[in-house]
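Some notes on the structure that comes next.
The values are calculated or read from the model by the stated rules, or taken from the named source; none is laboratory data. Predicted model, so just to flag it, every value in this text is computed and none were measured. Positions of Cβ are generated from backbone atoms using ideal geometry, with glycine treated the same way; all protein chains shown enter the neighbour counts. All accessible areas refer to the heavy atoms of the entire protein, side chains included, with ligands and DNA or RNA removed. Shrake-Rupley method; radii C 1.70, N 1.55, O 1.52, S 1.80 Å.
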Amino acid sequence: MITIAIANQKGGVGKTTTAINLATALAATGLRVLLVDLDPQGNASTGLGVSRDQRDWTSYELLIGEASLHHCTRETGVPGLSIVPATVDLSGAEIELVNRDRRSNALRDQVENATGFDMCLIDCPPSLGLLTVNALVAAASVLVPLQCEFFALEGLSQLLQTVERVRTRFNGDLSILGVALTMYDRRNRLTDQVSDDVRSVLGPIVFDTVIPRNVRLSEAPSHGLPALIYDHRCAGSAAYIDLARELIDRLPTEEIAA
Ligand code: ATP
Ligand code: MG
């Protein structure tokens, strides 16, 4: 199983939208995908139609070691896509873990021997706290959604520092899979400038695919559906299919084939 953390401590940059729709696009290619909702907001769970009363076993129990991955995983309406949902309880996990020796490895200890999945995506909360560190320790690589706005790059160095720290202390194999530009608005000239700037600063780690600002992407979660199912022909869905393709191309081929 290849595990990818979707992280950026900035709020509202498209982490959850990317997690849901990328997971759906990957599942559509026939891969067995697990999405771990690691945000106490539980937006990925809601966006995939997992109601509150279907969240008895969540990423909270998983992290504190009260239940196994198998126990906390449930199928979604999307064929091939399962989820470990989250509730606000998860915010308590940071406090409960804080005095444990393996607090940063809690998620990794639970998912590293998972069977039955080809890919695992982790939707991180908008912070660089213990939850995001757990995602980075469990992951092989990080995907960073970056919103096409004036301050896009602000805060990125902090995220990269955290990645570096996790790499030296816990997870020497951790790599940056790529940066995905989100909410691109072609009618706004500033976004073009931002995208050019980001590409000139970060170079080829930026995915060619750009996720457009698209109202269907923002409507879909209120129906409990990925945009790819809510409206598979909208520009947002098409972009996430392209991003999935690009992502697969960046993965070590032998791992995908396995
Ligand atoms: P948080 O940091 O709070 O977890 P996030 O980084 O996960 O936020 P999202 O929840 O994916 O960000 O997106 C923030 C808001 O922007 C949501 O209302 C979402 O529906 C909307 N949104 C995300 N991507 C797009 C897009 N490409 N076009 C239009 N709306 C979008
Ligand atoms: Mg989110």
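From the phi of every residue in the stretch 77-93, what ³J(HN,Hα) in whole Hz does the Karplus formula 6.51 cos²θ - 1.76 cosθ + 1.60 yield, where θ is phi - 60° and glycine or proline is x?
Residue by residue, the stretch 77-93 yields x, 8, x, x, 10, 10, 9, 9, x, 10, 10, 4, 3, 4, 5, x, 4 Hz.
Say each of D196 and H232 gets a label point 7 Å from the Cα, pointing the same way as Cα to Cβ; how far apart are those two points in nm?
3.8
As a test of the formula, what do you get for the chain when each DSSP H run with n ≥ 4 contributes -39,500 (n - 2.57) and the sum is divided by the residue count, at 222 nm and rounded to the nearest 500 deg cm²/dmol?
Per the formula, -11500 deg cm²/dmol.
Compute the signed sum of charges (Lys and Arg +1, Asp and Glu -1) over the other residues within less than 14 Å, Cβ to Cβ, of E96.
-2
Distance from the Cα centre of the stretch 1-56 to that of the stretch 131-197, in angstrom?
If you average the Cα positions of each part, the centres end up 17 Å apart.
If the chain between E219 and D89 were fully stretched, how many nm would it gain, using 0.36 nm times the residue separation less the Cα-Cα distance?
44.2 nm
Accessible area per residue of the chain at 1.4 Å probe, in Å²?
Roughly 45 Å² per residue, with all protein chains present.
Are there trypsin sites (Lys or Arg not before Pro) in the stretch 157-189 that DSSP puts in a loop and that have at most 13 other Cβ atoms within 10 Å, and which ones?
Those that pass, being in a loop and sparsely packed, are R186, R187.
Please list, by residue number, every one of the trypsin sites (Lys or Arg not before Pro) in the stretch 196-258 that is coil in DSSP and has at most 14 other beta-carbon atoms within 10 Å.
R233
Which three semi-axes in whole Å describe the equivalent ellipsoid of the chain, each the square root of 5 times a Cα gyration tensor eigenvalue, listed largest first?
Output for the chain: semi-axes of 26, 21, 17 Å.
Through the Karplus equation 6.51 cos²θ - 1.76 cosθ + 1.60, θ set to phi - 60°, convert the phi angles of the stretch 217-233 into ³J(HN,Hα) values in whole Hz; use x for Gly and Pro.
In residue order, the calculated couplings are 4, 7, 7, 3, x, 5, 9, x, 10, x, 4, 4, 9, 4, 7, 6, 9 Hz.
Tell me, what is the 1.4 Å probe accessible area of T115, in Å² to the nearest 10?
About 120 Å², rounded to the nearest 10.
Counting other C-beta atoms within 10 Å, and keeping those with at most 15, which DSSP coil chymotrypsin sites (Phe, Trp or Tyr not before Pro) do you find in the stretch 124-215?
Filter output for the stretch 124-215: F150, F151.
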